[in-house]
Each structure stands twice: as structure tokens, then as C-alpha cells.
1. Regarding Lys205, is this residue at negative phi, of a type outside the set (S, T, N, Q) and at pLDDT 95 or above?
2. Which ones in segment 137-165 are more than 9 Å from the ligand (Cβ to nearest atom), within 30 Å of Thr64 (Cβ to Cβ) and in contact with a strand residue (DSSP E or B) (Cβ under 6 Å, 6 or more places away or on another chain)?
3. What's the number of the only condition in (1) outside any helix (DSSP H, G or I); (2) surrounded by 24 or more Cβ atoms within 10 Å (Cβ to Cβ) that Thr68 fails to meet?
4. Name the residue, out of Ala304, Ala292, Ala345, that is of a type in the set (A, V, I, L, M), crowded, with 21+ Cβ neighbours inside 10 Å and assigned to a helix (DSSP H, G or I).
5. Kindly list the number of the only condition in (1) in contact with a strand residue (DSSP E or B) (Cβ under 7 Å, 6 or more places away or on another chain); (2) modelled with pLDDT of 95 or more; (3) within 16 Å of the ligand (Cβ to nearest atom); (4) of a type in the set (Gly, Ala, Ser) that fails for Gly290.
6. If you go through segment 204-238 one residue at a time, how many are part of a strand (DSSP E or B), under 18 Å from Asn96 (Cβ atoms) and free of Cβ contacts under 8 Å to residues at least 60 places away in the same chain?
7. State which residue pairs qualify: first residue not assigned by TED's automatic domain parsing to the domain that holds Gly149 and loosely packed, with under 12 Cβ neighbours inside 10 Å and inside segment 441-465, second residue at pLDDT 90 or above and basic (Lys, Arg) in any location, beta carbons under 9 Å apart, and separation of 6 or more residues or different chains.
8. Hey, can you tell me all the residues within segment 166-183 that are surrounded by fewer than 23 Cβ atoms within 10 Å (Cβ to Cβ), in contact (Cβ under 8 Å) with a residue 24 or more places away in the chain, in a loop (DSSP other than H, G, I, E, B) and within 10 Å of the ligand (Cβ to nearest atom)?
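The values are calculated or read from the model by the stated rules, or taken from the named source; none is laboratory data. Everything numeric here is computed off the predicted structure, so don't read it as measured data. Glycine gets a Cβ as well: all are built from the backbone with ideal geometry, and neighbour counts include every protein chain shown.
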Amino acid sequence: MNPAPDNNQTQTQEVGMDKFDVVVVGARCAGSTLAMQLARQGLSVCVAEKTGALGDKPSTHLFTASGTAVLERLGVLDDVLAAGATRLRTMQFRVNDVAIPSQMDTEILGTTLGIRREVLDNVLAEHAAKAGADVRLGCPVDGVLIDDGRVAGVATSSGPVHADLVIGADGAHSTVSKAVGAEEYLTIPGNYIPMWSFFEGANPKFDLVFGVKNGCNIVAPRLDNGLYNVQLGFPMSSADAVLADRQTNFDDALSMCPELVDAVLGATRVGPLRMYRRWHGYFRTPVGPGWALLGDAGHFKDPALGQGMADAFRHGEQLAEGIVRGLGGGDIERELLEWWRWRDADSFEMYFASHFMGDAEIAYTWFNALGQTMLKRPDTAGRILQMLSLRDVKPRHALGRNMSLKTAYIAPRLIKDMSQIVPTMLSLDLHLTRILRFATAYPGHPLGARRYRRLRKLPKEATRA
Ligand SMILES: Cc1cc2nc3c(=O)[nH]c(=O)nc-3n(C[C@H](O)[C@H](O)[C@H](O)COP(=O)(O)OP(=O)(O)OC[C@H]3O[C@@H](n4cnc5c(N)ncnc54)[C@H](O)[C@@H]3O)c2cc1C
């Protein structure tokens with residue numbers, strides 16, 4: 001990997017001009033993996049990454065199986081394992097007082113890993129460089145270059161870099177998305193605050209604990225090199241009270257969950273308690289003339305189900321194929337439009353499922369009914385695992401399974417605890433309204449299909465830049 005060239009240096013591809021087929025902005029899971037695939041196909045690729053070193057970043061560090069499957073296809077998985085990633089083989093679903101232990105059979109569920117981003121992302125960036133991409137760390141992008149109504153490169157602190165296509169893989173606060181005026185749609189507010197703590201010397205009985213307890217959602221995976229992470233999501237409505245003494249509130253919530261208490265008994269906390277306060281779920285228009293957005297730059301969902309990285313890998317794999325066809329003599333605009341449509345069709349259900357399962361404000365009656373159904377009918381738990389891992393079962397088939405049994409569990413609970421009637425009805429109303437909104441926006445629906453007809457022009461402000 002290279003440091004950014006200085007202003008006066010003339011670089012590579014075309015004499016007198018720093019010019020590539022593709023510039024990728026951002027060198028983590030979305031950016032490096034795409035760059036690696038494009039470079040292997042013979043395209044000239046520059047990766048511009050703001051930071052000088054790919055360190056820690058907000059994450060639960062749970063790497064689900066549909067993403068590891070992409071790395072296996074790319075021949076990178078062995079190096080990720082060699083870097084210390086832990087294979088997660090056992091799991092406990094915790095749904096308030098109900099506990100459902102599960103084996104994660106790799107034959108059915110693929111490989112799910114725990115690995116910190118500072119370890120994973122460096123393996124990916126090294127593979128991008130090895131494939132021939134010019135990976136420039138410490139090279140922040142300030143904006144895009146425009147030529148004749150198309151994006152034609154990026155402006156970096158070390159000078160312009162020209163390209164036929166610019167990929168913004170620069171995360172949720174994407175500079176590229178702002179520069180091209182990418183619009184957000186189907187947004188959902190974040191309704192909890194994830195807080196997490198790393199432990200050394202933990203002894204968890206389960207490689208992964210997942211679920212909800214006393215109004216907090218839980219994701220707790222074993223990570224690389226003997227580390228353990230406990231992430232708890234606190235309802236946004238109690239944010240001020242929780243943040244007033246966050247460490248005590250975190251420890252109190254952890255102490256309510258028996259498998260977490262056992263896991264961290266005698267363990268040492270590593271580093272400060274981390275949190276991520278302001279977030280929301282969104283899709284952004286991810287394509288336009290001369291540009292595309294990948295990973296969080298174009299789409300962010302509730303992190304409760306740990307699907308963000310897997311999405312970045314799967315969407316990147318599909319995008320790489322379209323770019324190679326499009327820049328190799330095909331119609332790049334058509335390829336980008338088709339990819340956008342595919343990305344949304346691929347993501348809508350999981351986007352909704354993540355917000356539903358991560359909903360720390362949801363009436364407890366819903367989760368209890370789900371927990372009791374999983375206990376009674378192991379096929380429900382099995383399908384949810386398939387939905388989360390290789391994603392070969394759709395959320396509607398996993399969460400909608402045994403619906404009559406779930407409803408049967410809710411009714412007596414409401415009779416016993418009448419204070420839950422209003423919250424249960426309100427969350428039913430909220431989630432049904434969301435389902436309707438998504439169903440009509442779905443690319444296969446006549447109304448939804450309109451979104452994907454043509455590439456939007458760049459906004460006037462961008463064209464003037
Ligand atoms: C609290 C939390 C927990 C999560 N837990 C999980 C989990 O357990 N599992 C999971 O799969 N997903 C999880 N996610 C989601 C996951 O982190 C993201 O989906 C993933 O990081 C997306 O990767 P990316 O490469 O698109 O973006 P990022 O990882 O954000 O990388 C973007 C890169 O672009 C660089 N960049 C930004 N601006 C510029 C610029 N102007 N010029 C040059 N470079 C720039 C940044 O420095 C960064 O390196 C979590 C998210 C949050 C917030």
C-alpha cells in the first residue's frame with residue numbers, strides 16, 4: 001500500500017495525468033473488496049482512503065456467513081482466519097426469560113466469524129493492493145470532478161485523480177454521496193443506542209448471544225485473538241437517563257442476562273465503553289452518470305442483525321461484474337441501473353427485518369411470542385438462523401413462520417397484562433404501515449419500479465463545482 005503522492009508528482013496510467021478506469025473512495029469492506037475484484041479483472045484501479053491506518057471503527061464485529069461466502073469465493077477467507085478470526089459455532093437466542101441454544105452447523109449455515117474491523121479491513125486492503133490496485137492511505141477525497149455532466153474523477157488533498165467511474169465506498173457520511181447529491185429514501189429512525197465493551201479472558205459458554213432482555217437488545221460474539229464483545233442497545237426514548245451514567249447502566253443491563261454474566265466473570269475490560277448515538281436507516285440513490293455508491297455510502301440498516309458487512313461484500317461482488325461488463329465495451333449506465341434495482345430487491349426485506357428485530361422500543365409481547373414459538377417449534381429458530389447467516393431463507397419465511405402460534409401466545413399475555421394492549425397495537429400499526437410502504441416501493445411493484453428507469457442527472461450545484 002502506498003502513501004498518497006505529493007502534489008507535484010505525476011502518476012501512472014496516462015502521461016501528465018493521474019488517470020484510472022475506476023477510483024474507489026474508502027478502503028474498508030466495501031472499497032477494498034470491490035477494488036480487488038476490478039483489479040483482478042485487469043482494470044486500473046486507485047483506492048483513496050482518508051485515514052493513514054485502518055484502525056478500529058464502530059461495529060459489533062459479527063461477520064455473517066453470506067459475507068464470508070464472498071470472501072471464500074475470492075480466496076481471501078483463509079487469510080482472514082489466519083489473522084485470528086473466530087468461527088462462531090454455538091449460539092444462544094435470549095428472548096427475555098426464554099433461552100434457546102442452537103448449534104450453527106456450517107454445512108447448513110456457512111461460516112460466521114467474530115473479527116475486529118482493524119484486523120479484517122487490513123487483510124482486505126492488502127489483497128486489493130496485491131491484485132494491483134493503487135491503494136493510497138492518508139489520501140482524503142474532498143469532492144468529485146465533473147466533465148460534461150458526468151463525474152470524471154475526484155479531488156484529493158494531493159491533487160485530482162481522473163477516472164471513468166468513481167465509487168463512493170466512503171461510509172455513512174460519504175463525501176461522494178454529498179458531492180453528487182444522492183437522495184435518501186425509505187428512511188427509518190434509529191431507535192436505540194448501541195453501547196459495547198471488549199473483554200479479555202472471557203469464558204463464554206456460547207460463541208454468540210443474540211436477542212433481547214429487559215428492553216435492551218443484545219449481540220455478543222467471540223472475536224479474534226481471544227477477545228469478546230458485548231453490545232447492548234438501549235432504547236432511544238431513555239437516552240438521557242442511560243447516558244447520565246452510561247457505565248453503571250451498561251453493567252446493570254449486562255447483569256440481567258445470565259449468559260453474559262457467566263461469560264465475563266473474571267474477565268478484564270479492554271478500552272473504554274463505546275457507543276454510537278446518532279444513526280438512522282436509509283437507502284440512497286446509489287448510481288448516476290460516472291458514479292456509484294457501495295456499502296454504507298449507499299445503504300445503512302439497523303446493525304442489530306450484523307448484516308452491514310455481508311451486504312457490502314455481496315453487493316460489491318454483483319457491482320464488480322456489472323462494471324467489468326460496462327467498462328469493457330458494454331453499456332455502463334444500463335449496468336449501473338440494473339445493479340441498483342437488484343440491490344434494492346435484495347435488501348428491502350432484510351432492512352425491514354433488521355429494524356423489527358432490533359426494535360428496542362417494541363412491545364415485549366412480540367418478542368416473547370417469538371421466543372416461545374422458537375422454543376416450541378425448532379424449525380422457526382432454524383429458519384431465523386438461515387435468514388441471518390447464508391440468507392437463503394427470506395425474512396418473510398423466517399419471521400412469518402408459525403404466525404398463528406405467535407398470535408396465540410400474544411392473546412393470553414395481553415389478557416394477563418392489560419397495560420400492554422396499547423403498546424402492542426401501536427407497534428403492530430407501525431410495523432404493518434412499514435410493510436405496506438416497502439411493498440409498494442419494491443422494485444417489482446409497478447409504483448416502485450419507476451425509481452429505476454434512468455440515471456438521475458447531477459444536480460446543478462455539483463455540475464458547477
Ligand atoms: C454500532 C454498529 C455496529 C455494527 N455492527 C455490525 C456487525 O456486527 N456486523 C456487520 O456486518 N455490520 C455491522 N455494522 C455495519 C457495518 O459497520 C457497516 O455496514 C460497514 O462498516 C460498511 O462498510 P463500508 O466499507 O461501506 O464503510 P466503512 O466501514 O464506514 O468504511 C468507509 C471508509 O471510507 C473512508 N472515507 C470516508 N470518507 C472519506 C473521504 N472523504 N476520502 C477518503 N476516504 C474516506 C473511511 O475512512 C473508511 O475507512 C455496524 C454498524 C454500527 C454503526
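1. yes
2. Leu165
3. That leaves (1) as the condition not met.
4. Ala304
5. So Gly290 meets the others, but not (3).
6. Total satisfying the criteria: 3.
7. Going by the 9 Å Cβ cut-off, there are no qualifying pairs.
8. Once the filter is applied, which keeps residues that are surrounded by fewer than 23 Cβ atoms within 10 Å (Cβ to Cβ), in contact (Cβ under 8 Å) with a residue 24 or more places away in the chain, in a loop (DSSP other than H, G, I, E, B) and within 10 Å of the ligand (Cβ to nearest atom), segment 166-183 yields Gly171, Ala172.
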